[in-house]
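Following: one structure in structure tokens, then a few remarks.
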Amino acid sequence: MGNNTASIVEQSLTALLDDSSFLPELSGEAREKAFTSLTSILSTPNHIHKSFLRVSLENGEVVRIPAFRVQHNNIIGPYKGGIRFHQSVDEEEVSNLAALMTLKNALHEVPFGGGKGGVIIDPREFKIKELNLICKKYVQYFSEIIGPEKDIPAPDVGTGEREMDWMMGEYKSIHPGMKYRGSFTGKSVVNGGSLGRRQATGKGVYFSLRYMLDDFIQEQNKWLSERNNIFAKTALDHKDKSLRIAIQGFGNVGSVVAMEADKCNFLNNKVVAVSDRNVTLYNSDGLDITELIKYTQANDGDLPIDKERLQSANIKATICDREDLLTIDADVLVLAALGGQIHQENMKEIKAKIIVEGANAPITGDADKYLSEQGTIIIPDILANAGGVIVSYFEWLQGRETQFYTEDQVYNKLYDRMQQTFETVYPQFFGDAFPLRQNCYIHSVMKLSTILFKQGKLY
Ligand code: NAD
């Protein structure tokens, strides 16, 4: 487990240990013992599977590529989590992400456990046929430990529906006659994927912000204004403001957040800055998101990097350095690129008072603590970016029933489920002035602990 996740889980367990109304059946020495066992269960994965995929490249070279599947916990249901193709993948990162999935699914009442996969490659350096082979090999090497009732992978950084289609195809060949649709989620619609899956995470990320600043505040305005709570003050300060939004990352998640913000009638907001792996684009009057999405779709996912490209796409923006996005003068910062983006070195320069985590673990523990102490509202990954796994669950269900939902049904079900979680955590967050991340973790840990206890696993 990553430092931040581990320490928050530990704090959550300490708070629950001291709360005698939680699991009152456990007291004295038995309680101490059960909590020690909980700490070890939650802080270590059940299994770490590692293989070297032997792949023959088109130039005749044969390479051995390190690949992982970490299965953190399956007390709530089959392991579930994406497969990341990235050069910086390592066992520790995959394990941390698997733990986060266990907690995320528990928080949103998704009946899955937590898993994660990783392959150490830069997919841009491989030919399509080679990538296809890497995907097939991944399934071959891990074929016995994955499956619709065991462990269900999905896309992550560097993978998408193309890879999930290939992998499901390979799973089907290896296990003829078995139900295969639920073996992978995030597939193309024609292959049993769910409508709306690609947009689900970004939609959920934006919804977490919109719900807090619109629905929740409207309902709880009086209650909130009576609270002596730094986070309630931040939220109320932003309620009627014209919000300037900056978004780091303009891929699946970031571009959908930008589009949602652009067409939202509930919040008075505009997207003033977006960034990707190359640049930041800034326009204080608001960027033309529709044109930027068209541009990235036609240019391998990248934003325009110079004046000529901006001009020919008819987009008005100033080009800044990639890292400038984080410290730009904005009210809301959406982090939708990679982990560890706000850290000790840049945390004091962050101006936005509301940060939404579209990416997993984009803020380090030190920075998280510092910003929370300043009253910055951080809507954490575990809460904000669960749209992908929630719709993956719908995809798995649709595959089992072979009945498919319309796109609107998918989004409505997604919002209903996220709203249920927000209604559980937002009142407590604004009531107790506890960072939201910790609130969420306490809920997840409570759920996991209760199930583990009831299944007789705490001894
Ligand atoms: P993606 O690959 O589609 O997009 C990533 C974007 O980040 C690209 O625009 C890329 O250029 C940009 N980027 C890369 N390095 C950057 C840097 N140093 N600074 C600024 N931008 C940079 O990925 P995605 O699916 O949009 O996922 C984004 C993040 O959200 C990842 O961390 C992923 O784990 C997380 N996430 C995604 C999903 C999902 O369903 N897609 C679900 C949960 C969490």
(message) Just to be sure I understand the model, the point goes 7 Å from the Cα along the line to the Cβ. What's the resulting Lys33 to Ile48 distance in nm?
(response) 2.9 nm
(message) Treating the chain as a set of equal point scatterers at the Cα positions, no solvent, please give the Debye-formula log₁₀ I(q)/I(0) at q = 0.07, 0.09 Å⁻¹.
(response) -0.35, -0.59
(request) Nearest 5 is fine: what % of DSSP beta bridges in region 47-195 come out antiparallel, could you say? (result) 70 percent
(message) Let me make sure I get this right: for region 313-459, a, b and c are the square roots of the gyration tensor eigenvalues over alpha carbons, sorted descending. Under 1.5 in a/c it's rounded, otherwise prolate if a/b > b/c, else oblate. Which is it?
(response) oblate
(message) Can you compute the FRET efficiency between Arg400 and Ser56 using 1/(1 + (r/R0)^6), with r the Cβ-Cβ distance and R0 = 45 Å? Round to the nearest 0.05.
(response) 0.80
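With +1 on each Lys and Arg Cβ and -1 on each Asp and Glu Cβ, and nothing else charged, work out how big the dipole of the chain is about its Cα centre, in Debye to the nearest 20.
Here the size comes out at about 1060 debye.
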(request) Would you kindly derive the ³J(HN,Hα) couplings of region 237-251 from the backbone phi angles with the Karplus curve 6.51 cos²θ - 1.76 cosθ + 1.60 (θ = phi - 60°), listing them in order in whole Hz, with x for Gly and Pro? (result) 4, 9, 4, 10, 7, 7, 8, 9, 10, 10, 10, 8, x, 10, x
(message) Highest mean first, how do 330-337, 214-221, 343-350 rank when packing is the count of other Cβ atoms within 10 Å averaged over residues?
(response) 330-337, 214-221, 343-350
(request) Using the charge dipole of the chain (Lys, Arg: +1 at Cβ; Asp, Glu: -1 at Cβ; taken about the Cα centre), state which of Leu458, Ile230, Leu281 has its Cα farthest towards the positive end. (result) Leu458
(message) If R₀ is 35 angstrom, what is the calculated FRET efficiency for the pair Ile305 and Thr234, using the beta carbon separation as r and rounding to 0.05?
(response) 0.50
(request) Would you grab the residues whose amide H sits under 5 Å from the one on Ala337? Only those 5+ places off in sequence or on another chain, please, with H modelled 1.01 Å from N. (result) Ala359
(request) Mind checking the full-extension length gain between Lys457 and Gln218? Use 0.36 nm per residue of separation minus the Cα-Cα distance, one decimal, nm. (result) 81.7 nm
(request) Please report, in debye to the nearest 20, how large the charge dipole of region 47-195 is about its Cα centre when each Lys and Arg carries +1 at its beta carbon and each Asp and Glu carries -1 there. (result) 380 debye
(request) Tabulate in residue order the Karplus-calculated ³J(HN,Hα) for region 270-275, using 6.51 cos²θ - 1.76 cosθ + 1.60 with θ = phi - 60°, rounded to whole Hz; enter x for Gly and Pro. (result) 9, 8, 8, 8, 9, 9
(request) Please give the net charge around Glu401, taking every other residue with its beta carbon less than 15 angstrom from that of Glu401, where Lys and Arg add +1 and Asp and Glu add -1. (result) +3
(message) Show me the ranking of peptides 388-399, 297-308 by mean Cβ neighbours inside 10 Å, starting with the highest.
(response) 388-399, 297-308
(request) Check the straight Cα-Cα distances from Lys447 and name the aspartates and glutamates below 13 Å, setting aside those fewer than 8 residues away within the same chain. (result) Glu109
(message) Given contacts defined as C-alpha pairs under 8 Å and at least six residues apart, what's the relative contact order of the chain, whole-number percent?
(response) 17 percent
(request) Give, in whole angstrom and from largest to smallest, the semi-axes √(5λ) of the equivalent ellipsoid of region 47-195, with λ running over the eigenvalues of the Cα gyration tensor. (result) 24, 18, 13
(request) Go through Leu100, Val157, Tyr138 and say which Cα lies farthest out towards the positive end of the charge dipole of region 47-195; charges sit on Cβ, +1 for Lys and Arg, -1 for Asp and Glu. (result) Tyr138
(request) Let me know the number of lysine pairs in region 186-264 closer than 30 Å at the Cα, not counting same-chain pairs under 8 apart. (result) 15
(request) Provide the per-residue ³J(HN,Hα) series for region 311-321, in order, calculated from phi with Karplus coefficients 6.51, -1.76, 1.60 and θ = phi - 60°, each as a whole number of Hz, with x at glycine and proline positions. (result) 4, 5, 8, 6, 10, 9, 6, 9, 8, 10, 5
(request) Quick one: order Val190, Val157 from most to least accessible surface, probe 1.4 Å. (result) Val190, Val157
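The values are calculated or read from the model by the stated rules, or taken from the named source; none is laboratory data. Computed from a predicted model, the values in this text were never measured in an experiment. Positions of Cβ are generated from backbone atoms using ideal geometry, with glycine treated the same way; all protein chains shown enter the neighbour counts. Calculation scope for accessible area: heavy atoms of the full protein, side chains included, ligands and nucleic acids excluded. Shrake-Rupley method; radii C 1.70, N 1.55, O 1.52, S 1.80 Å.
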